[in-house]
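Take a look at the structure below.
The values are calculated or read from the model by the stated rules, or taken from the named source; none is laboratory data. Remember, predicted model here, so these are calculated numbers, not experimental data. Counting neighbours? That spans all protein chains shown, and the Cβs are built from the backbone with ideal geometry, glycine included. The area values use the complete protein model at the heavy-atom level, side chains included, leaving out ligands, DNA and RNA. Shrake-Rupley method; radii C 1.70, N 1.55, O 1.52, S 1.80 Å.
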Amino acid sequence: MKPAPFNYALAKSIDEATSYLADGNGEAIVLAGGQTLVPMLSMRLARPELVIDINGVDELFGIEETDASVIIKACTRQVTALNSEIVKSRVPLLHKAMHFVGHFQTRNRGTIGGSVAHSDPAAEIPLAALALDSEVELRNVNGSRRVAMADYLVGPLMTAREPDELLVAVHLPAIVPGVTTATSFHEVSERHGDFAVVAVAAQLTFDGAICTKAAVAFGGVDHTPVRIPEFETRLIGQTLAYGVPDAALDLIADGINPGSDQHASANYRRRVARTLANRAVSEAAVDARSGA
Amino acid sequence: MTDTIHIHVSINGNEVTDSVIPRMTLLDFLRYKAGMTGTHAGCEHGVCGACSVIFDGDPVRSCSLLAVQANGKSVMTVEGLSNADGTPGTLQEAFQDAHAMQCGYCIPGMLVSAHALLARNAAPSLEDIKEAIGGNICRCTGYVQIIEAIQLAATRLREALE
Ligand code: FES
Ligand code: FES
């Protein structure tokens, strides 16, 4: 369990990090919190020639807000996001998701950008980001671009990020003031802090008791976190506080593609996805009613 | 093939200077370069918590950090929990008195996590304690006596302040 040899570069700015990436010819890898990367190096699942440490890049830390969104810089520690009042009040779904992310020790180092860059299909942060229609900001030596989460997530641990691009921030749309919005995050995992076997992130808006908009993302049940448009559409116009109609829940099984592994069978995952979706959506509906 | 990098790290208040290869983890640096073998290597891939240390004020897993990343930083290991004369500190004594150890392999990590908890919460609830040691795996005890030891330490530390 010792990493294979690599060279190490400590970047001091985004420009420096992207030029290291440009020179790296795809053999360079970015070290943020290291909670996934260093174990991958130790297990020799990753054998880069160059490790670019971005922990010294001040401009990659911090949480900013605009009228419409919350911008979390890539190297922001997970513990910072968990304790952020901005996150809690303006992107409450991410705040709820953060409680399921790793442990005390790993959240102190682990970053928001690192989790989104790695994009494990069962990780909570990319899942919440997808439910929120977030955008990922990528930069290389030539400039930057923003990619919608749905386009960014390509496959298991595969994203639209090019090898010379650095993930610099995640842009999360904030809840709209004056619109009744409720969120809920549920997951089943083997141990607290583990990646989810199945997780569901839901954000719904209501007019009185009636759902006007629904976003529900599923994790652990496909190659990437997924949304099921048919399911979301079926929720609109409903009350939902007494549970999601079966006709809507029946649409979930066809919208996901779970695998079987040592943790759970595909069938089990399908059933849990249905149960958690029902639980998350109805909990959000009840919260919306009680003004919570 | 790779160059060594010169680092200096404050370990339990002592400045340690050495050269390391980039692939050396902080865990191996502590054990093999600094001679601080109290920090245990369990899984070496970030899941067991045996290697926990306080890094720049926060508990982290030393197997998931590179030694080069500790350059200019301060690290507190389990050795830093004992009294100046080398006798066990209050937290360690509580672990002994509450019979919290069996094989003891996980205990350095448990102690570091418990120390970090008590440093910011003098009267932790049962849930707080479970949350704090949730990332530390113990294969022997079943955790009950570890939790009792942390409660005992919290009580003793509060009493000492009164
Ligand atoms: S040795 Fe570091 S977490 Fe197991
Ligand atoms: S006492 Fe043996 S692993 Fe915890």
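Some observations on this one:
- Considering region B:90-116, the residues that are more than 16 Å from ligand 1 (Cβ to nearest atom), of a type outside the set (A, V, I, L, M, F, W, C) and part of a helix (DSSP H, G or I) include one that is nearest to the other protein chains (Cβ to nearest Cβ), namely B:H115.
- Of all residues in region B:139-156, those satisfying the criterion of being open to solvent by 70 Å² or more (accessible area, probe 1.4 Å) and in a helix (DSSP H, G or I) are B:V144, B:E148, B:Q151, B:R156.
- In the set (1) modelled with pLDDT under 95; (2) under 16 Å from the mean Cα position of the chain (by Cα), B:H115 fails one condition alone, (1).
- Qualifying residue in region A:124-134 (condition: surrounded by fewer than 24 Cβ atoms within 10 Å (Cβ to Cβ), more than 30 Å from A:D287 (Cβ to Cβ) and not small (G, A, S)): no
- Residue selection: B:Q96 fails the criterion of being in the same structural domain as B:I147 (by TED's automatic domain parsing) and touching a Cys at 6+ places or on another chain (Cβ under 7 Å).
- Tallying residues that are away from ligand 1 (no atom under 11 Å from the Cβ), of a type in the set (A, V, I, L, M) and within 11 Å of chain A (Cβ to nearest Cβ) within region B:19-36 yields 3.
- Options B:A94, B:A84, B:A100, B:A70: the member that is more than 16 Å from ligand 2 (Cβ to nearest atom) and at pLDDT 95 or above: B:A70
- The one condition in (1) open to solvent by less than 30 Å² (accessible area, probe 1.4 Å); (2) at negative phi that A:N142 fails to fulfil: (1)
- Test result for B:G49, part of a loop (DSSP other than H, G, I, E, B) and in contact with a strand residue (DSSP E or B) (Cβ under 9 Å, 6 or more places away or on another chain): yes
- Looking across region A:47-70, the residues that are in contact with a Phe, Trp or Tyr (Cβ under 9 Å, 6 or more places away or on another chain), open to solvent by less than 10 Å² (accessible area, probe 1.4 Å) and hydrophobic (A, V, I, L, M, F, W, C) come down to A:V51, A:I52.
- Criterion applied to A:K73, A:K96 was being open to solvent by 20 Å² or more (accessible area, probe 1.4 Å), under 23 Å from A:I14 (Cα atoms) and more than 14 Å from chain B (Cβ to nearest Cβ), and the one residue passing it is A:K73.
- Residues that are within 9 Å of another protein chain (Cβ to nearest Cβ) and either at pLDDT below 95 or within 20 Å of B:R23 (Cβ to Cβ) (or both), drawn from region B:37-55: B:A41, B:C43, B:E44, B:H45, B:G46, B:V47, B:F55
- Helices (runs of 4 or more DSSP H) within region A:246-292 that include 3 or more residues more than 28 Å from A:T205 (Cβ to Cβ): A:266-290
- Among the candidates B:M24, B:M76, B:M1, residue that is open to solvent by 20 Å² or more (accessible area, probe 1.4 Å), at pLDDT 95 or above and more than 19 Å from A:P39 (Cα to Cα): B:M76
- Among the residues listed as B:G109, B:G142, the single one being closer than 20 Å to A:Q35 by Cβ and within 12 Å of ligand 2 (Cβ to nearest atom): B:G109
- No other residue among B:N136, B:N121 is within 19 Å of B:D58 (Cα to Cα) and open to solvent by less than 20 Å² (accessible area, probe 1.4 Å) apart from B:N136.
- Condition broken by B:A119, with the remaining ones in (1) in contact (Cβ under 8 Å) with a residue 24 or more places away in the chain; (2) more than 11 Å from chain A (Cβ to nearest Cβ); (3) closer than 30 Å to A:N55 by Cβ satisfied: (1)
- Among residues of region A:1-29, those that are open to solvent by 40 Å² or more (accessible area, probe 1.4 Å), out of contact with any helix residue (DSSP H, G or I) (no Cβ under 6 Å at 6 or more places or on another chain), touching a residue at least 40 places away in the same chain (Cβ under 8 Å) and within 13 Å of another protein chain (Cβ to nearest Cβ), counted: 3
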